[in-house]
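In what follows, a structure is listed as structure tokens, so that the remarks can point back to it.
The values are calculated or read from the model by the stated rules, or taken from the named source; none is laboratory data. The model shown is predicted, which means the values in this text are computed figures rather than measured ones. Cβ placement follows ideal geometry from the backbone for every residue including glycine, while neighbour counts extend to all protein chains displayed.
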Amino acid sequence: MGRTYLTDEPVPTGPLLFLRSIRKVVERPPLWLITWSLIALTALPVGVVWNTWFRDAVAHRYQPDAAVDAGDAFAWDDIAYSLTASFTHDHAEGLSNLNKATANLGAVLAFAAILLGVFAAGGWLQVILERTHGHSLRRFFLGGARYFWRFLRLLLLSAVLLALWNKLIYGDLWDKYVLGGLFEVPSSDWKTLENQSSEWGMRRLMWLRDGCHALGFALILAWGTFARTRMALLDGTSVLKAGLLTGFAILFHPIKTLRPLFSIFLVELVLVTLLLGALSRELEDVLKDSPSQGIVAAMLVVGLVGLMVREILRGARYHASVKVSQEIVRRPAQQPDPWRAVGGPGGPQYPVGEGEGEGETYVSL
Amino acid sequence: MGTRNFQGLALGLVCGLGLATLGTARATLGMLQDNRSSRADYQIFARVEPSERTLEGKETLTWLNRSEDRVGEAWFHLHHNAFSNSHSTHLWEAGGKLRGHTVDSGWGWQEVTSIRVGEHELVDAMVFRAPDDGREEDRTVFSVKLPEVVPPGGRVVMEIEWKAQLPRVRRRTGVSGDGNFLLMAHWFPKLGVYEGGRGWNCHQFHASTEFYGDFGSYDVTLDLPEEYADHIGASGVQSGEATIADGRVTTRYLAPSSADRGYRDPVASGATPRPRVHGFAWTADPDNIITEHIFKFQDWKDRYPEEVSRVEDATGMTPGSLTLRDVRVVSLMQPEHAGQADRHIEATEAALFFYGIWFGEYPYEQVTVVDPAFSGKAAGGMEYPTLFTSGTSLFTEAASYRPESVTVHECGHQFWYGLVGNNEYEAAWLDEGFNSFADSEVLVRVYGPQRSVTKYSGLPVWGKRVSSDPARTGLAGALTGQYIDLGKKLGAVSPLGLTSFLSFWRDQPLLTLAENQTDPRWSDRTGYLSAADVDPVATNAWEYRDRSSYRTNSYPRPAVVLRSLQAIVGDKPFLSGMKHYSAQWRYRHPYPEDFYASFNEGSGADVGWYFADLFETTATVDWSINVAQSETPALIGMVQGADGFAMVEAPKGAEPATEPATEPAVEPAPSEGEPDAPPVDWIYDVVVSRKGTLRLPVQIEVQFTGGDIESFEWTREAQEGTNWWRLPIEPGPNKIKRVLVDPARRYYLDVNMADNQWYSGKDLVAPLRWSERAFTQYAHLLHWYSSLGG
């Protein structure tokens, strides 16, 4: 158990912290149900637009219910499983307009999702830090509103860092010093890498570049998570200060800070990307031979379950970052909390209960 | 008999003897009706220094004039001069870019240093020609006056020496970026084709043209550094053992091989029965791995017995008599692709089998497939006599058709272009289009539909994303962090610019991608319609409006036209016609009119009108069907009877149902106490319409709910002067369930097939399926965006 700065409670931050964080978040279904449903509702307009377009396009012109017999000549246009070359061509203009509309709508929805994320981060931190026994949803919305502008400023700082990182990896500096300097690729081949004697040689260079970028991207996101946590923990308002100090914190405690987030990432990879992904593929195979509305509905459910799991894990990330931050973040150099002994308004405060004790399951609104 | 009679008899005898001699000579020399199938035999020696990209060569060219003209000059190609500078016709037309690369280095050229005919040195009499565009900087064609005219049936022997700077491989030929891999195509001074009555057919090397040469034989000796020993592949077959001495390896190739020169081609009916070739290419790479396998007809017949039976039946062969010769398939693979050698060989043999039974056997003992090095991949996807280049990558599966598609296609060129040697400058479609037709037929039979993949840093995942990403330009790009333009000084930034690994995380591909499978035959239709009415198919290759038109009209459009031709003439006549053409024009140079005539002759059909419309014009067709049906309305109003007019009221019950409706019409139930209502007839209004000037006979099929089917044919003649037809369908007790134009889906030409069918019901699965995919994709995409926010 690590030393705490802000509470007297022991805070386990060992290798299994991520499991505890996941459990704690699972125990608060109203919160992740809210974030899950908000994301799903945000995506719903896209589904509606596509459904409307396809109903009009299909109308009476394509075989009903895609009941296709083996060897049936009309199988050429069975579009329940795969959009055929003919369909794609014959409706090229309509599909192009549909995709343009989706792209424009998608940009608006993506922006809304980013703001939702900013809000949700505040909500999660408020609930986790307060250790409420009730009114979690209310505290969630309070936290979202309370930290919204600070986290929005942090988002802008994150965007700057991501832009710089992107420029560094995919700009001229990498070409000149890594490709040209380290790997001796002539400048005429920087874009295609055709001086490499094998595809493997080219592929390794591409993976190195892409991998470095992805790693840096993930680190910046992790830094953002801890910076938000620090700001909520200390109720700070300076984004730059929080960002700088968070950077140092990660530098000095890389394992402690990054391990739980990486573990949660692995859980997401296994559960969502691989397991649910495999299930979705199985359902696609069933759809090929027996297209039906039931199978499509099952695929929808699988996708929604995947989204749910991801929302839970997002909350778990904040829980883990709070626990780690409570261990490594130093209180500002100032007088001890004068209210600690006296208590807040209303007289001395006594511990009300064990709060998030081991083995307790507490569900409240 | 008097003296005069004797003289007359003698004259007659002499004339008759002369004619007989001439006929024999023509038969012996193969001087056939086309007046353009001469013969060119080459003996070449070349010394190559890959590290310096230089080549020195000598060739002895023996040309046999099989035309009826007296020929006083010779025209040659120097193809590598296309890569000598940016103002060559080839690079000028390509906008200075080849396969996406701006050509600003790695130049290549060829310089003839000596041309001798007997004791006459002719190099100073060389004249560079630009017969197509007059471009003086283009040095890909030259002519030289011969010291003596070559008469019909005569021969001329030319000794030519040249030196060359080999280009960096940017299109088809040259040395790879790392200097190891060589693919030498059109690498020697090559004679043009003399066409009787037209002169020398020797076009410049354009950006969108390929090659044209006389059939003959090649005896080529290559001198390379020793490291290339046992790593050389070439047209034909290696003759004897390679010689290694003083750090060099010398290898000799014969194309056709010695054995093939004595082989009697069982298919060729219009020219020499002995196999010939019209070009020679070779490759060398010290790293390549060589694998061999023998193609055996019986192995493939066991897999596709019905196909063999179909061909035998169509061409009137005795069942069991169709056979193809064994062929040695040699693959030269890059080490990292060595595991795909079997796939290359399988695809090559698939082409040998199917093309062989459809168009006549591959008559040579060997075919070589080359997997180019990564740094020489611009050499991939090209055909040469008995050798071709494929092209693959790491992490591929057969269902994605890579390298299967390019392998089948390039091997298929051994038949169309290799054996039937059309002029690829003026009628590229005669080989590309025919090959595109056939390779789609092979691919779908052997590999099924093509499955799409989405690649993440080269790693494939089955499926495609359904909907587009959020817009990334302007304000949308800025708000979503994808693309922010900060002006000229700072440029643009992409905080959320994605890389392949991040894209994988964003997409969650296993969860959100949708399977996409494509029948390659329908892909040909899509290709055709990309530029359906820009140029006629029968256009010189360099005279299409642009490269897109060239590709459309040379590849998928002829393929689609041929495929649809089967709907006109039937499967058996089609196969007979194609096989007849292939046999008749083996080792010869056909033009489009030769194909039309030969096909009609072989099929027994007269489809000259079809060829004229589809190959010589830009005519298109777009059928559509519209259906309305309703119950026969009850008779109401004043009806004249025996006693004059009397009012007839509408019967009680539901309004007559009309179509189209989403739900089946509900018949009104008879009232209690009343007798059952009499059955109501449905009346139908089914109209088939045609847009476009192409008139093709087409079937229309109407199916009723009772299961009955009525078929109609809208003939060409009936379409004259009108572009619609109301089907004569009598009222009946059943509703129409579906109406289909071209129910067997034999035509691939219709501009829009979405309105070629009508169903009384509506498909509910497809809209749900695609909206679910779009929704799920966006749900996870938006989760990713929200996690960026917090």
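A few comments on the model shown:
- Residue count for the range A:261-293, restricted to those that are more than 9 Å from chain B (Cβ to nearest Cβ), assigned to a helix (DSSP H, G or I) and modelled with pLDDT under 95: 2.
- Residues (at the interface with chain B (Cβ under 7 Å from one of its Cβ atoms) and in a helix (DSSP H, G or I)) located in the range A:190-201: A:199, A:200
- Unmet criterion (only one of (1) surrounded by fewer than 18 Cβ atoms within 10 Å (Cβ to Cβ); (2) facing chain A (nearest Cβ under 7 Å); (3) over 39 Å from the mean Cα position of the chain (by Cα)) for residue B:789: (1)
- Picking from residues in the range B:181-213 that are of a type in the set (S, T, N, Q) and touching a helix residue (DSSP H, G or I) at 6+ places or on another chain (Cβ under 8 Å), the one that is modelled with the highest pLDDT is B:204.
- When A:207, A:165, A:200, A:190 are screened for being aromatic (Phe, Trp, Tyr) and surrounded by 18 or more Cβ atoms within 10 Å (Cβ to Cβ), only A:165 passes.
- Verdict on residue B:607 being crowded, with 19+ Cβ neighbours inside 10 Å, at pLDDT 95 or above and either closer than 30 Å to residue B:193 by Cβ or not hydrophobic (A, V, I, L, M, F, W, C) (or both): yes
- Flag for residue B:751 being β-branched (Val, Ile, Thr), in contact with a helix residue (DSSP H, G or I) (Cβ under 9 Å, 6 or more places away or on another chain), surrounded by 17 or more Cβ atoms within 10 Å (Cβ to Cβ) and in contact (Cβ under 8 Å) with a residue 60 or more places away in the chain: yes
- Residues of the range B:498-543 that turn out to be under 30 Å from residue B:787 (Cα atoms), small (Gly, Ala, Ser) and surrounded by fewer than 20 Cβ atoms within 10 Å (Cβ to Cβ), as a count: 2
- Taking the criterion of being closer than 23 Å to residue B:82 by Cα and of a type in the set (Val, Ile, Thr), the residues of the range B:112-130 that qualify are B:112, B:113, B:115, B:123, B:127.
- Any hit, the range B:298-318, residues being buried (at least 17 other Cβ atoms within 10 Å of the Cβ), touching a helix residue (DSSP H, G or I) at 6+ places or on another chain (Cβ under 8 Å), within 20 Å of residue B:416 (Cα to Cα) and at pLDDT 95 or above: yes
- Qualifying positions in the range B:85-111 - under 30 Å from residue B:155 (Cα atoms) and crowded, with 18+ Cβ neighbours inside 10 Å: B:109, B:110
- Filtered residues of the range A:216-228 (kept if facing another protein chain (nearest Cβ under 9 Å) and within 13 Å of residue A:168 (Cα to Cα)): A:217
- The residues in the range B:697-716 that are within 37 Å of the chain's Cα centre (by Cα), surrounded by fewer than 14 Cβ atoms within 10 Å (Cβ to Cβ) and not in a loop (DSSP other than H, G, I, E, B) can be counted, and the count is 2.
- Residue within the range B:763-783 that is outside any loop (DSSP other than H, G, I, E, B), of a type in the set (A, V, I, L, M, F, W, C) and touching a strand residue (DSSP E or B) at 6+ places or on another chain (Cβ under 7 Å) present: no
- Summed over the range B:102-117, the residues that are in a loop (DSSP other than H, G, I, E, B) and in contact with a Lys or Arg (Cβ under 6 Å, 6 or more places away or on another chain) give a count of 2.
- Flag if residue A:242 is over 27 Å from residue B:774 (Cβ atoms), among the aliphatic types (A, V, I, L, M) and more than 9 Å from chain B (Cβ to nearest Cβ): yes
- Residue check, residue A:150 within 12 Å of chain B (Cβ to nearest Cβ) and either more than 30 Å from residue B:180 (Cα to Cα) or in contact with a helix residue (DSSP H, G or I) (Cβ under 9 Å, 6 or more places away or on another chain) (or both): yes
- Matching option when the condition is of a type outside the set (A, V, I, L, M, F, W, C), closer than 18 Å to residue B:386 by Cα and in a strand (DSSP E or B), among B:260, B:223, B:219: B:219
- Within the range B:526-602, helices (runs of 4 or more DSSP H) holding 2 or more residues that are farther than 27 Å from residue A:86 by Cα and within 14 Å of chain A (Cβ to nearest Cβ): none
- Test: residue in the range B:733-754 that is at the interface with chain A (Cβ under 7 Å from one of its Cβ atoms) and of a type in the set (Gly, Ala, Ser): yes
- Residues that are more than 21 Å from residue A:143 (Cα to Cα) and more than 7 Å from chain B (Cβ to nearest Cβ), drawn from the range A:32-43: A:41
- Residue selection: residue B:423 fails the criterion of being within 21 Å of residue B:563 (Cβ to Cβ) and among the polar types (S, T, N, Q).
- From the options B:120, B:80, B:101, B:87, residue that is away from chain A (no Cβ under 14 Å), farther than 19 Å from residue B:541 by Cα and within 27 Å of the chain's Cα centre (by Cα): B:80
- Residue among A:185, A:178, A:160 that alone is within 13 Å of another protein chain (Cβ to nearest Cβ), surrounded by 15 or more Cβ atoms within 10 Å (Cβ to Cβ), β-branched (Val, Ile, Thr) and without any contact (Cβ under 8 Å) to a residue 40 or more places away in the chain: A:185
- Selection status of residue B:594, of a type outside the set (Ser, Thr, Tyr), touching a residue at least 12 places away in the same chain (Cβ under 8 Å) and more than 30 Å from residue B:700 (Cβ to Cβ): yes
- All positions within the range A:289-303 that are in contact with a helix residue (DSSP H, G or I) (Cβ under 7 Å, 6 or more places away or on another chain) and surrounded by fewer than 16 Cβ atoms within 10 Å (Cβ to Cβ): A:293
- Failed criterion for residue B:726 (all others in (1) at pLDDT 95 or above; (2) at the interface with chain A (Cβ under 7 Å from one of its Cβ atoms) hold): (2)
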